[in-house]
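Have a look at the structure below before the remarks.
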């Protein structure tokens, strides 16, 4: 008898019919002889409506405002938890709903993007031991002073994985509106292939690079706690993609997937005097403004006296980044600042890179053949990312997907 | 410096604009130098939507289903509490929201219509002492086992009065969409007069007789705890009606108001053998079926061997009442059962009755002059009710309102 955590996202519980469908998925697992704890998101659209109410009242610039944001926004998952428990009840399945504070799932006090501190699994265990299904409101917990806290958008995935870890569950099934993790976005490449397995590390790169199947934090947590996660569709009746340890990943290919992101913008400072501490001088003001910098490349001028520095920031942060750099200009003494929002980051990801040489070369060649210019390059052990002009996004993804042999058999 | 509890009903917080308006009402009280705790209902329409979701899933026939009903339905007030706290915050007023479980307001375990057991006012006091406005979600509390509980429809009034009692507040202002308690329904009698004061006992009769300004339980609780309650409009800037002790009521009239209800139905059993225990024989099966009986009249036949029994039940309960009585027919041995849904109960209410004789006579004469037949009569110390054909409702209310001199000066 296995213990399974099932998580249903917003589209999987969007209306009463879909909530009944989710209840049927629970029943199917019980019929296999398993015990089940469920984590639910808010019904699709509900969180957006609640956030809209909040934003009509407040620019959310204070801790106090975020505290009340959480009081309002956490209600959406509470509703779904009760409705799914009712749906199960009507199918003759004993069930009990839990808001975050009723579990309790304990968080820190950073309202709006709280981190999970611990889960006291006693009450859930008791419910399961009594033959009940525990239905837990995702995305939320309770602070040390008894306030509602939310985990940030997509936080229900993290709730589910954290609960699976706390319960020592055998598997955490994330039901969503796609049927698994693909070699790339099937909307761009119709021949994209669903992966049976993917290593945590690869999924982490894919998630942080823009494949929006799972929240990055939930993948990190699954990796750290060794939670076996399956991503699958609540509208189909087929296995999805399993997240596993690298050594259990059976894929023999160099590359597992192609990811892309249009969320970044390029910033270039030219004519920066090249002296010790110049990088700190540039990135210090950005860090103070709480702006994340991703890809960085520095060109040293031949004479060795001035340098050009190019890097990327989130598109949403670009205006603030420019303001911070303009302000620091008297100190940095750069010649020119240029910026470009029309860029995309294309990445090839795969643990196979560790044992296969030449992946970067293959990637650069493929892009060159299509006449695509590379603006910036950054690499990790299992990933190579390039920044290109945004208009080449689909072309680049399709070319790389084919070049690395990721098409369906 | 007084301590005021303000309660805002669903129409008073129906959208973001109205929530800001409610916040302005709070500010006005603070500007007078008072401390304020607020109780809020769900935004108009929200509770109905949540109940609809629940009813689509379940016929609500078990305790477990009602437990989940409460988990779902209690979310509406939680949302408003956070939004009003945010609105205050944006006006520069420190505020803190409290869901029922965060107060905590402790209830029994009768989900869907829980009764308040106690309120631990410590956290609210602490918030007020720190110069904050406490914004409490109405209609809800928490059971001994940590489950959400709701107090039944209209329960936010009861939450507000209970909180005022627990805080020893100087006044409990119930903001609603009418500007006070009237001598009768102004939709029927345009000359109906707003009362400056009304005795608790009178308000209790008015509320239970169909004047839907305040929930009956909240009036009972105000009376028992001596809470000074004011009913007033959130869309006007004028005093409303004060609920006070009988001796503080300045009204010198025999009658304070005329109430009516179309919610009852008449049942008559004819030819019932008149022997000891016949009333118990009739009302026992109804009590077992959880059906409340209101007005009762029994006519003894001249020979003293058979009797007719007429009484009223809620219209919604009529079919079940008939079924229960049909089932008991072999035992009761009545001759005939007739029922009529087209009836109305008209009541005159006033503590003045205690010191003025002849009110009943005045009432019967007035109705007789208009040719209105009285089907059943019932009385209490401060109220006389008659059952009449429903079509005479408005005529009877207008005639009585004029006969007892309740028109505007």
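Would you give the gap between the C-alpha center of region B:242-301 and the C-alpha center of region B:135-150, rounded to a whole Å?
Each part reduced to its Cα centre gives a spacing of 33 Å.
At 222 nm, what value in deg cm²/dmol follows for chain B if DSSP H runs of at least 4 each add -39500 (n - 2.57) and the sum is divided by all its residues, to the nearest 500? Intermediate results must be reported in sequence, preceding the final value.
On the way: 13 runs with 142 residues, N = 409.
Taken over chain B, the calculation gives -10500 deg cm²/dmol.
GNM on chain B, C-alpha springs below 10 Å: top fluctuator among B:290, B:342, B:34?
B:290
Angle between the Cα long axis of helix A:216-225 and the longest principal axis of chain A, 0 to 90 degrees, nearest 10?
With both axes taken from Cα atoms, the answer is about 70 degrees.
When the Kirkwood hydrodynamic radius is evaluated over all pairs of different C-alpha atoms of region A:78-129, what value in angstrom, to one decimal, is obtained? Write out the running numbers ahead of the final one.
On the way: mean 1/r = 0.0810 Å⁻¹.
Computed over region A:78-129, the radius equals 12.3 Å.
For region B:147-212, what does the relative contact order come out to in percent, with C-alpha contacts under 8 Å and a separation of six or more? Please list the in-between numbers first.
Values: 25 pairs, mean separation 11.6, N = 66.
Relative contact order of region B:147-212: 18 percent.
Residues of B:9-19, mean number of Cβ from any other protein chain within 10 Å of their own Cβ, rounded to a whole number?
Working: counts 0, 0, 0, 0, 0, 0, 2, 6, 1, 0, 3.
Shielding by partners across B:9-19 averages 1.
What do you get for the angle between helix B:46-57 and the principal long axis of chain B? Use alpha-carbon atoms, 0 to 90 degrees, nearest ten.
Approximately 60 degrees, to the nearest ten.
Run the simple label-point estimate for residue A:129 and residue B:125 please: 7 Å along Cα→C-beta, distance reported in nm.
In this crude spin-label approximation the distance works out to 3.8 nm.
Determine the percent antiparallel among the DSSP beta bridges restricted to the protein assembly as shown, to the nearest 5. Let's see the in-between values first.
Numbers: 92 of 148 bridges.
Roughly 60 percent of the beta bridges in the protein assembly as shown run antiparallel, per DSSP.
So how far, in whole Å, is the C-alpha centre of region B:350-400 from the one of region A:64-111?
About 52 Å separates the Cα centre of region B:350-400 from the one of region A:64-111.
Quick one: if the Förster radius is 51 Å, what FRET efficiency do residue B:1 and residue A:335 give, using the C-beta to C-beta distance and rounding to 0.05? Show your work: numbers first, answer last.
Numbers: r = 64 Å, r/R0 = 1.26.
E(calc), rounded to 0.05, equals 0.20.
Helix A:63-73 against the longest principal axis of chain A: what's the angle in degrees, Cα atoms only, rounded to the nearest 10?
Helix A:63-73 sits roughly 50 degrees off the main axis of chain A.
In the Gaussian network model of chain A, springs joining C-alpha atoms below 10 Å, which of A:29, A:55, A:390 carries the largest mean-square fluctuation?
A:55
Put a dot 7 Å past each Cα toward the Cβ at residue B:31 and residue A:322; how far apart are the dots in nm?
4.3 nm
Any idea how far the Cα center of region B:209-235 sits from the one of region B:1-46, in Å?
17 Å
Could you work out the mean count of beta carbons from other protein chains within 10 Å of each residue's beta carbon in A:58-67? Kindly include the intermediate steps, with their values, before the conclusion.
On the way: counts 5, 1, 1, 0, 2, 0, 7, 4, 1, 6.
If you average over the peptide's residues, the count of other-chain Cβ atoms is 3.
Can you give me the distance in nm between label points at residue A:145 and residue B:292, each placed 7 Å from the Cα along the Cα-to-Cβ direction?
Using points 7 Å along Cα→Cβ, the separation is 4.3 nm.
If you count, for each residue, the other Cβ atoms within 10 Å and average over each peptide, how do B:13-20, B:72-79 line up from highest to lowest?
Numbers: B:13-20: 18.6, B:72-79: 28.5.
Descending packing order for the listed peptides: B:72-79, B:13-20.
Assign one of three labels to region B:278-351, namely rounded, prolate or oblate, based on the Cα gyration tensor with a ≥ b ≥ c the square roots of its eigenvalues; rounded applies when a/c is under 1.5, prolate when it is not and a/b is larger than b/c, and oblate otherwise. Don't skip to the answer; put the middle values down first.
Details: a/c = 1.88, a/b = 1.23, b/c = 1.52.
The shape class here is oblate.
Please report the antiparallel percentage of DSSP beta bridges with both residues in chain B, rounded to the nearest 5. Spell out each step's value before the answer.
Numbers: 46 of 74 bridges.
Beta bridges within chain B, antiparallel portion: roughly 60 percent.
With both partners inside region B:26-169, how many of the DSSP beta bridges are antiparallel, as a percent to the nearest 5?
On the way: 6 of 15 bridges.
Percent antiparallel among DSSP bridges in region B:26-169 is about 40.
Report the calculated FRET efficiency for residue B:245 and residue A:394 (r = Cβ-Cβ distance, R0 = 60 Å), to the nearest 0.05.
On the way: r = 78 Å, r/R0 = 1.30.
The calculated FRET efficiency here is 0.15.
Could you tell me the relative contact order of region B:247-409? Use alpha-carbon pairs under 8 Å, at least six residues apart, and round to a whole percent.
Values: 288 pairs, mean separation 51.3, N = 163.
Answer for region B:247-409 is 31 percent.
How high is the relative contact order of chain A, in percent, counting Cα pairs under 8 Å that sit 6 or more residues apart? Working shown, then result.
Values: 891 pairs, mean separation 55.9, N = 409.
Once divided by the residue count of chain A, the mean separation gives 14 percent.
Compute the whole-percent fraction of alpha carbon pairs in chain B spaced more than 37 Å apart.
Details: 26382 of 83436 pairs.
Percent of Cα pairs beyond 37 Å in chain B: 32.
Taking chain A as a Gaussian network, Cα atoms linked when under 10 Å apart, which of A:199, A:289, A:396 shows the biggest mean-square fluctuation?
A:289
What nm distances, shortest first, do you get from the label point of residue A:125 to those in the other copies when the point sits 7 angstrom along Cα to Cβ?
Nearest first, the other copies' label points are 3.8 nm away.
Whose Cβ in chain B comes nearest the axis that rotates B onto A, and by how many Å?
B:75, 2
Return the average number of partner chain Cβ atoms within 10 angstrom of each residue Cβ along peptide B:96-107.
Working: counts 5, 7, 3, 9, 0, 4, 7, 0, 1, 0, 0, 0.
Per-residue shielding by partner chains comes out at 3.
Values quoted throughout were computed directly from the atomic coordinates according to the rules given, and no laboratory measurement underlies them. Everything numeric in this text was worked out from a predicted model, so none of it was measured. Counting neighbours? That spans all protein chains shown, and the Cβs are built from the backbone with ideal geometry, glycine included.
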